[in-house]
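Each value in this text was obtained by applying a stated rule to the coordinates, not by laboratory testing. What you see is a predicted model, and the numbers here were worked out from it, not measured in a lab. Counting neighbours? That spans all protein chains shown, and the Cβs are built from the backbone with ideal geometry, glycine included.
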Amino acid sequence: MIRAWSSTEVVAAERPMLDAGVPLMEQAAFALASHVTRALRRAGHRVPGSVVLLLVGGGNNGGDALHAGAHLARRGAQVHAALLTDRAHPEGLAAARRSGVRVHQVLEDGVPPTERVLGLARRAGVWVDGVTGVGAGGGLRHPVAEVVRSLAADRAGWPQEPMVVAVDVPSGIGVDDGTVPGPVLPADMTVTMGAAKPGLLLPPAAELAGRLEVVDLALPLPAGGAPAVCRLTSADVADLWPRPTSSDHKYTRGVLGVLAGSTTFPGAAVLSVAGAVRTGLGMVRYLGPPGATTLVHARHPEVVAVPGRVQAWVIGPGVDADDPGRAEQAQDAIEEALAAGVPVVLDAGALQLLPEDLPDSAVLTPHAGELATLLGSRGEAVTRDEVEAAPARHARLAAELTGAMVLLKGATTVVAGPTGPLYAQADAPPWLAAAGAGDVLAGVLGALLAPYGDRLQELLDSGEDVTAGVARLAAAAVVVHGEAAQHAAGLHGPDPGPGRPLSAGDVADALPTAVGQILA
Ligand SMILES: NC(=O)C1=CN([C@@H]2O[C@H](COP(=O)(O)OP(=O)(O)OC[C@H]3O[C@@H](n4cnc5c(N)ncnc54)[C@H](OP(=O)(O)O)[C@@H]3O)[C@@H](O)[C@H]2O)[C@@H](O)CC1
Ligand SMILES: [K+]
């Protein structure tokens, strides 16, 4: 699991080490130089002869860059440092100069002239972004903001783009909330110090961080404390997977009720059922109109289409909330699920039928537009664009307002409960942005929740943190769904290339392979 800690926590953890004289910056800079060296080698280059430009701000982030530049210069790189402010980290600057780094005081009348910086940048194959780190907030200020904006625009126009390495974070991102309040130089790699920061995992900033390398500085972060943001890996999913044993039967493996599909959208029923069945569980009970039931049975004859005992529900994919009969049936199912105290996934049409208060064993699965509508219905008028600009904040707000777990779908999916850490999962290839993919995800999540359904009340009574458990399962469903999409898009294997188009049905079909590989 990747754990991200807020800038306040990281700075607090650094303090006793710095007070004790631990040379954290030297360690950080050495690791940064080593990562740049490895990245150059991966790209088929050598350090001797490579031209590196350090973009240096006035704080310790610039200090990291200068010290790392000194290491790279000693290893034979031609290193230039552009000082973008009127002061630079003194020891870092001295070390850089001693090692042969060419230092450019680019300020003219207090402003770094963009053309001068661009001139240096165009000669360099590697740019090291040491403008700001955890000590800055609210987006880059004038005049550094203009320089960074020009660098980002200029770089994109080159036939052979330079490699951009961000020090700690890409300068200018919302370090703690993942927002992008102003210009940011998108990085190919971010070398982050001590621990990941929330903005390196949360969208949209995370999408500007590139490959993430965490430098272990042995910071005394609270061992049992909750990080701000987590990201599950396949290994974490393997650990929590309900592996069947010889004593299992269908109720111990989980029976899921699926209320999905309509005359207009029968395919959503097939896809959500496929998501559940192919993830693996004891049984699916399907409730839907006759036409959709016929389609479901044609594809999944094992599905039982009569009401009965279930341990979790998926309600809403392809359900038309404007169809009074179907809406009433969905609402009754939601009430029944909540009264029974079993976990329930509320997707698509069901999001318009929510009761006022929900437990955190209910998982809402909106995309950004649906979340904006949901928040609007709770007195928080926001647009889809505003949700996309700050997904973590809006997912958390929706969780607080409803009491439910919120799984906000996107290229990076965010899971937020009313309390506890956020999860940010970036497992999906871009090919997954396809109709019906969300229906499959609802089924996967239902299948993961069902085995825990009967135990939920027991867990609540024993004081277990159900919120944390449901959040983890929701994140795990996103991992499995993303992995299946990677398989369906042909992105597994040693040299996958660009991948290939997929349908939501392909993703469902790839689920057994994905689960098998995760458990292997
Ligand atoms: N301590 C250590 O030993 C270790 C520290 N480490 C490293 O230190 C970094 C934190 O360093 P930090 O605290 O010095 O802050 P930092 O991110 O460089 O920013 C301050 C500078 O930015 C400026 N500035 C502020 N806001 C701005 C804005 N909106 N737009 C533009 N500029 C803005 C501000 O200017 P001022 O406001 O003072 O005029 C000042 O010059 C951390 O990320 C990690 O890399 C690691 O090596 C581990 C060991
Ligand atoms: K930086």
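Spin-label model, ASP357/THR252: points 7 Å from Cα along the beta carbon direction are separated by 3.6 nm. Couplings 3J(HN,Hα) for the range 362-371, derived from phi with the Karplus relation 6.51 cos²θ - 1.76 cosθ + 1.60 (θ = phi - 60°), are 9, 10, 8, 10, x, 8, 4, x, 5, 5 Hz, where x marks Gly and Pro. For the pair the range 310-326 and the range 233-271, the centres of their Cα atoms are 17 angstrom apart. Remark: the range 204-214, residue by residue, has Karplus-estimated 3J(HN,Hα) of x, 4, 4, 6, 9, 8, x, 5, 9, 10, 9 Hz, where x stands for each Gly or Pro and the curve is 6.51 cos²θ - 1.76 cosθ + 1.60 at θ = phi - 60°. Footprinting exposure proxy ranking of THR412, THR373, fewest other C-beta atoms within 10 angstrom first, gives THR373, THR412. Taking only the C-alpha atoms of the range 2-231, the Rg (one decimal) and the largest Cα-Cα distance, Dmax (whole number), read 16.3, 50 Å.
Backbone phi angles across the range 44-50, fed through the Karplus curve with coefficients 6.51, -1.76 and 1.60 (θ = phi - 60°), yield HN-Hα couplings of x, 10, 10, 5, x, x, 6 Hz in residue order; Gly and Pro are listed as x.
Between ARG42 and ARG243, full extension at 0.36 nm per residue minus the direct alpha carbon distance yields a gain of 68.6 nm.
Be a star and scan the range 66-94 for residues whose amide nitrogen sits under 18 Å from the point 7 Å along the Cα-to-Cβ vector of HIS142. Those under the cut-off are 85-86. In the chain, the calculated helix contribution to ellipticity at 222 nm averages -13000 deg cm²/dmol per residue, counting -39,500 (n - 2.57) for every DSSP H run with n ≥ 4. Across the options LEU221, VAL56, GLY138, the greatest Cα extent toward the positive end of the charge dipole of the range 2-231 (unit charges at beta carbon of Lys, Arg, Asp, Glu) belongs to VAL56. VAL22 versus GLU108, label points 7 Å from Cα toward the beta carbon: distance in nm? In this crude label model, VAL22 to GLU108 measures out at 4.5 nm. With axes computed from alpha carbons, what is the tilt in degrees of helix 266-279 against the longest principal axis of the chain, rounded to the nearest 10 within 0 to 90? The answer is roughly 70 degrees.
Simple spin-label estimate for ARG299 and VAL11 gives 5.2 nm between the two label positions (7 Å along the Cα-to-Cβ direction from each Cα). The Cα trace of the chain gives Rg and Dmax of 25.4, 79 Å, the first to one decimal, the second as a whole number. Stretching SER503 away from GLU400 to a fully extended chain increases their span by 33.6 nm, per 0.36 nm per residue minus the current alpha-carbon distance.
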